[in-house]
Amino acid sequence: MATAIPHRPDAQNQALVDGYEAAIAARRRRTLLGIAILAALILAAARISEVDLGTFFGNLGRFTSYIGRIFTLEDGHLVFTNPAEWLWGLRKWLRLLGETLLIAYLGTVIGGLGAFGLSFLAARNMVVAPWLRFSARRFLEFCRTVPELVFALIFVVAFGLGPLPGVLALGIHTMGALGKLFAEVVENIDMKPVEGVAATGANWAQGVRFGTLPQVLSNFVSYTLLRFEVNVRGAAIMGFVGAGGIGQDLVEAIRKFYYSDVSAILMLIVVTVMLIDLVTERARHALIGRELGR
Amino acid sequence: MDLAALTARHPSAFRPDWGRRAVVAACVVAPVALFAYALASLDVSWSRVFAGLGRLGDFVGLMLPPSYGTTAKLLTYLHALAETLAIAFLGTLLAAMLALPLGFLAARNVIPTWIFRFGVRRFLDTVRSVDTLIWALIWINVVGLGPFAGVLAIMSSDFGAFGKLFSEAIEAADNKAVEGVESAGGSRLHGVRFGLLPQVLPVMASQVLYFFESNTRSATIIGIVGAGGIGQYLYEEIKVLEWGHVSFLVLLVLAAVVLIDAVSARLRFAVIGNRPQR
């Protein structure tokens, strides 16, 4: 038995088709407009930043030859053939790497402590006057928006050369970055345990200690460990402006064309950064796992 | 029931847990000890800290009010700021374009051979571990001093990060949409275009915008090594102790960063809509 499939008259369909095509055309126009704006921005940016493709492709060989050169010893052999010669300054570099790690550690701890204190002032659910919360938030914003190297430059003039300005610069930046994250953690806690502790007759400090802290501590530690990773990278370049760590030797090696030293120091930095990443990732996962297991 | 009776009935709940206490004590003592050791070995003395804080106070006094000197200088600063924004914009865009193919290569559901993926991932990790400032120094050797070296530096260091993030976005994509398109008669290419791309593109776009924000900050400092942007002037004014100019430049950077944050937050919202960010 044949069934007749009901057809709408073409005239009626036409209106729907037109509507569909109009909608598609509008979307296409918007996409094209977006692409045009993007292209215009790219051209303007390329002009301002003096992009010169001629120089780039003309000198691209220099990039590969530079990479090749830093992996070559003075006698023309590859660095891997003579590790003793390549890593001649290993003892000094390891000491500087240790200094870099200590700078990162001190900066993280100081910044973390500052962030810990300020986050309670910046969190909405902690009893605090609005003006205090507002100023705490603006202060944290200022601390994390100004690049740490700018702080380091200013501190080097004030405190003199050495690791101290590096520590303080990292500390201030860390405080700004962590303070925001900590405040968000505090705002997202469950207030019921805090109320429960208060209902047993505890005062405000005890409420924070037994109601708030157990909820936020693991998150705080996890964020701080993550920040430590970032700070190790940051501390490695503090030496560029004279604020301690291995950066000083690296910038000297690059500027004075001690080619194989460049690759040796870079290799040490990359390995250290990867190791620290690995260790802190393990620690964070262990922390989160314990949290979930409870 | 008083406390003594409770203690008698549930001795285990009231017995001090020395093992746990030892762990807590170790968790507190070890960082504090390391902190003290670090202070000692980095030669941080209170006298230096206080002398430095005093000088810092003087500098802050001299920073107020912020000033830019002559109009010619103001124009130079504004041009340097535009340069900074251009460096961040182009660097981010180039990094994203270069990382897109590598993101596919490093994704598990695109390339199933683990050895190849492992190689690509380690390569991306290495590129990522080298800081923007170091890349800037290397690129200056290739294209000379100036903002172009800055663009290439931002591109190099972000390329590693984008490759990793993109591959994760592609791995997290739902394959059902691709299968759906193919079951409706679409080719493999149609599946990628109408099934995969609409899923990953908004995630990628929002990551690119986020990096543009953070690169605006990075681009302010690469001028310190001569790779263009406002950092160069910041460096010079600090060296000659022109604190009024320094604070003006810092305010300029702050204003630019806040502006870019606002614009990119709106764009991000437009791109990903109300969906929770992955």
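Cα-Cα pairs above 16 Å in the stretch B:12-62: how many percent?
Numbers: 831 of 1275 pairs.
In whole percent, the long-distance tail amounts to 65.
Give the average, rounded to an integer, of partner chain Cβ atoms located within 10 angstrom of each Cβ in B:126-133. Write out the running numbers ahead of the final one.
Details: counts 6, 1, 5, 11, 6, 9, 2, 8.
What the average comes to for B:126-133 is 6.
Evaluate peptide B:134-140: per residue, the Cβ atoms of other protein chains within 10 Å of its Cβ; return the mean as an integer.
Working: counts 11, 0, 1, 7, 7, 5, 2.
Taking the mean over all residues of the peptide, I get 5.
In whole Å, what is the distance between the alpha-carbon centres of the stretch A:28-81 and the stretch A:121-165?
About 36 Å separates the Cα centre of the stretch A:28-81 from the one of the stretch A:121-165.
Can you tell which of B:K164, B:K176, B:K239 shows the greatest fluctuation in a Gaussian network model of chain B with Cα springs below 10 Å?
Checking each option, the largest mean-square fluctuation is seen for B:K176.
Only helical DSSP H runs with n ≥ 4 go in: add -39500 (n - 2.57) per run for chain A, normalise by residue count and round the 222 nm mean residue ellipticity to 500 deg cm²/dmol.
Details: 12 runs with 230 residues, N = 294.
One gets -27000 deg cm²/dmol as the mean residue ellipticity at 222 nm.
By the scheme Lys and Arg +1, Asp and Glu -1, what is the net charge of all other residues having a beta-carbon under 11 Å from that of A:L149?
Numbers: positive: B:R217; negative: A:E148, B:D131.
Taking every Cβ under 11 Å from that of A:L149, the sum is -1.
Quick check on chain B: what are the equivalent-ellipsoid semi-axes from the Cα gyration tensor, as sqrt(5λ), descending, whole Å? Present the calculation step by step, with values, prior to reporting the outcome.
On the way: eigenvalues 322, 319, 79 Å².
Whole-Å semi-axes of the equivalent ellipsoid: 40, 40, 20.
Please state the relative contact order of chain A as a whole percent: Cα pairs under 8 Å, 6+ residues apart?
Values: 290 pairs, mean separation 61.8, N = 294.
Computed over chain A, the figure is 21 percent.
What translational diffusion coefficient, to the nearest whole µm²/s, does the stretch B:1-92 have by Stokes-Einstein, given a Kirkwood radius computed over alpha-carbon pairs, a temperature of 20 °C and 1.002 mPa s viscosity? Walk me through the numbers on the way to the answer.
Working: Rh = 20.7 Å.
It comes out at roughly 104 µm²/s.
Give me the inter-chain shielding for B:58-68: mean count of other chain Cβ atoms within 10 Å, whole number please.
Values: counts 1, 4, 2, 0, 0, 1, 0, 0, 0, 0, 0.
Mean number of neighbouring Cβ atoms from other chains: 1.
What does the charge count around A:F63 come to, taking other residues whose C-beta lies under 15 Å from its C-beta (Lys +1, Arg +1, Asp -1, Glu -1)? Please report the intermediate quantities before stating the final value.
Details: positive: A:R62, A:R69; negative: A:D52.
Net local charge, A:F63 excluded: +1.
Just to confirm my numbers, what's the Cα centroid distance between the stretch B:190-206 and the stretch A:242-287 in Å?
36
What does the charge count around B:A96 come to, taking other residues whose C-beta lies under 13 Å from its C-beta (Lys +1, Arg +1, Asp -1, Glu -1)? Walk me through the numbers on the way to the answer.
Details: positive: B:K164; negative: B:D158.
Charge balance in the 13 Å sphere: 0.
Per residue, how big is the convex hull of the stretch A:204-279 when only Cα atoms are used? Give it in Å³.
Values: hull volume 6.6 nm³, N = 76.
For the stretch A:204-279, the hull spanned by Cα atoms encloses 86 Å³ per residue.
Where does chain B land at 222 nm, in deg cm²/dmol rounded to the nearest 500, when only DSSP H runs of n ≥ 4 count, each adding -39500 (n - 2.57), divided by all residues? All intermediate terms of the calculation are to be shown ahead of the outcome.
Details: 12 runs with 215 residues, N = 278.
After summing the helix terms and dividing by residue count, I get -26000 deg cm²/dmol.
In whole Å, largest first, what are the principal axis extents of the Cα atoms in the stretch B:170-278?
69, 28, 16
Which one, A:A122, A:I42, A:L53, is farthest towards the positive end of the dipole of chain A when Lys and Arg carry +1 and Asp and Glu -1 on their Cβ?
A:A122
To the nearest Å, what is the center-to-center distance of the stretch B:127-172 and the stretch B:1-76, using C-alpha atoms only?
Result: 34 Å between the Cα centres.
Inverting the mean 1/r over all pairs of different Cα atoms, compute the Kirkwood radius of the stretch A:88-293 and quote it in Å. It would help to have the intermediate numbers written out before the result.
Working: mean 1/r = 0.0540 Å⁻¹.
With all distinct Cα pairs of the stretch A:88-293 included, I get 18.5 Å.
Explain nothing, just the number: relative contact order of the stretch A:112-258, from Cα pairs under 8 Å at least 6 residues apart, as a whole percent.
Numbers: 173 pairs, mean separation 38.3, N = 147.
Once divided by the residue count of the stretch A:112-258, the mean separation gives 26 percent.
Could you name the lysines whose alpha carbon sits less than 23 Å from that of B:K73, not counting residues in the same chain fewer than 8 places away?
Reachable lysines: B:K239.
If I take all pairs of Cα atoms in the stretch B:207-260, what percentage of them are more than 17 Å from each other?
On the way: 547 of 1431 pairs.
More than 17 Å apart: 38 percent of the Cα pairs in the stretch B:207-260.
Note down the relative contact order for the stretch A:19-156 as a percent, whole number, built from C-alpha pairs under 8 angstrom at least six residues apart.
Numbers: 23 pairs, mean separation 9.9, N = 138.
Computed over the stretch A:19-156, the figure is 7 percent.
Mind pulling the per residue volume of the convex hull built on the Cα atoms of the protein assembly as shown? Å³ is fine. Before the final figure, lay out the partial values.
Details: hull volume 158.1 nm³, N = 572.
Expressed per residue, the convex hull around the Cα atoms of the protein assembly as shown is 276 Å³.
Divide, for the stretch B:128-192, the radius of gyration over alpha carbons by 2.2 N^0.38 Å, where N is the residue count.
Numbers: Rg = 19.2 Å, N = 65, 2.2 N^0.38 = 10.7 Å.
Normalised Cα radius of gyration, the stretch B:128-192: 1.78.
Under a cut-off of 12 Å between alpha-carbon atoms, report the aspartates and glutamates in cross-link reach of A:K180, not counting same-chain residues fewer than 8 places apart.
A:E141
Go through B:L42, B:A106, B:I138 and say which Cα lies farthest out towards the positive end of the charge dipole of chain B; charges sit on Cβ, +1 for Lys and Arg, -1 for Asp and Glu.
B:A106
Can you compute 3J(HN,Hα) from phi for each residue in the stretch B:197-212, using the Karplus curve 6.51 cos²θ - 1.76 cosθ + 1.60 with θ = phi - 60°, rounded to whole Hz and x for Gly and Pro?
4, x, 6, 8, 4, x, 4, 4, 4, 5, 5, 4, 5, 4, 5, 4
The numbers here are math on the coordinates, done by the rules we state, and not lab data. Source: prediction; values computed, not measured. Ideal geometry is used to build each Cβ from the backbone, glycine not excepted, and the neighbour counts take in all protein chains shown.
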